[in-house]
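Working notes, structure below.
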Amino acid sequence: MPKENNLVALKKYPMRVVKILAGVLAGIAFTAQLSLAAPSDVETKDGITVWKVPTANSAVVGFKAQAVLSAPINAVVGTIMDTPNASEWIPNTGFIQMIDRSEFSQGKAKLYYLIDMPFPLADRDLVINSKMSKNPSGIIRIDNQIASDSRYPAKPGVVRINQYTGSWLLEPLGNSKTRVTLQGDADPGGAIPIWATNLFVTKQPTDMLKNMREQVKKSRYSDYKIPF
């Protein structure tokens, strides 16, 4: 029986499933700029602040998450752009593959992202155009838009995500610290009620930023060169 149609199993394990679901959707690291209403429902724990944010023209609740990491901004960028090792800190990542980096020196890339969902849910995937920019103060944004690519058509048994938005904002601070702000929302599609997606929308950003705190300290990122 296809995973997506096994609604009996979905009802049997609802909290485990929706917690993971909310998590992996928050973990889309290369996401597009949001147009959001004022944030609400603030939670702060272990130095990480997360807001639930109503989205315009959608019942899906978005999030905004912020933390200060003890690493310079180049190490933070290096962590985000290290797609082969994304699963080390972004839970439930099947893989993220950079499929076009012909304009990477200008901060542009195209990526394919496969999200490994727990049974009984079907895996999710999407194709993303990524754009990184830096202002004169050294603040870096990573903004994307959903894309398509003939090399990565929709696959049988995998739900293609067609609605998502979000962004990374990286602000260099003194003493080799970086303020990281992540925000986004996504409709997972398939047989998932919106209320379930909204219920745990703030959990994954918290877990992901906790993991990122340790990931950015790895020596492989200390000499990372921002590509522009």
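The values are calculated or read from the model by the stated rules, or taken from the named source; none is laboratory data. Keep in mind that this is a model prediction, so the values were computed, not measured. Glycine gets a Cβ as well: all are built from the backbone with ideal geometry, and neighbour counts include every protein chain shown.
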Boolean, Ile146 is touching a strand residue (DSSP E or B) at 6+ places or on another chain (Cβ under 8 Å) and either within 17 Å of Ser102 (Cα to Cα) or at pLDDT 90 or above (or both): no
Residue match in the range 32-55 (condition: at pLDDT below 80, crowded, with 20+ Cβ neighbours inside 10 Å and closer than 23 Å to Val158 by Cβ): yes
All positions within the range 170-228 that are modelled with pLDDT of 75 or more, among the acidic types (Asp, Glu) and surrounded by 15 or more Cβ atoms within 10 Å (Cβ to Cβ): Glu171, Asp207
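Which members of the range 96-146 meet the condition of being assigned to a loop (DSSP other than H, G, I, E, B), more than 18 Å from Gln163 (Cβ to Cβ) and either over 14 Å from the mean Cα position of the chain (by Cα) or without any contact (Cβ under 8 Å) to a residue 40 or more places away in the chain (or both)? I'd like the intermediate steps shown before the answer.
Of all residues in the range 96-146, those assigned to a loop (DSSP other than H, G, I, E, B) come to 101-103, 107, 116-122, 135-139.
Subset that is more than 18 Å from Gln163 (Cβ to Cβ): 101-103, 107, 116, 118-120, 135-139.
Passing the criteria: Arg101, Ser102, Glu103, Gly107, Pro118, Phe119, Pro120, Asn135, Pro136, Ser137, Gly138, Ile139.
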Tally, over the range 103-139, of residues that are more than 19 Å from Val77 (Cβ to Cβ) and either of a type outside the set (D, E, K, R) or out of contact with any Gly (no Cβ under 9 Å at 6 or more places or on another chain) (or both): 11
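State whether the residues of the range 160-167 include one that is surrounded by fewer than 16 Cβ atoms within 10 Å (Cβ to Cβ) and modelled with pLDDT under 90. Please lay out each step first, then the result.
First, pick out the residues of the range 160-167 that are surrounded by fewer than 16 Cβ atoms within 10 Å (Cβ to Cβ): 162-163.
Now restrict to residues that are modelled with pLDDT under 90: 162-163.
Yes, that holds for at least one residue.
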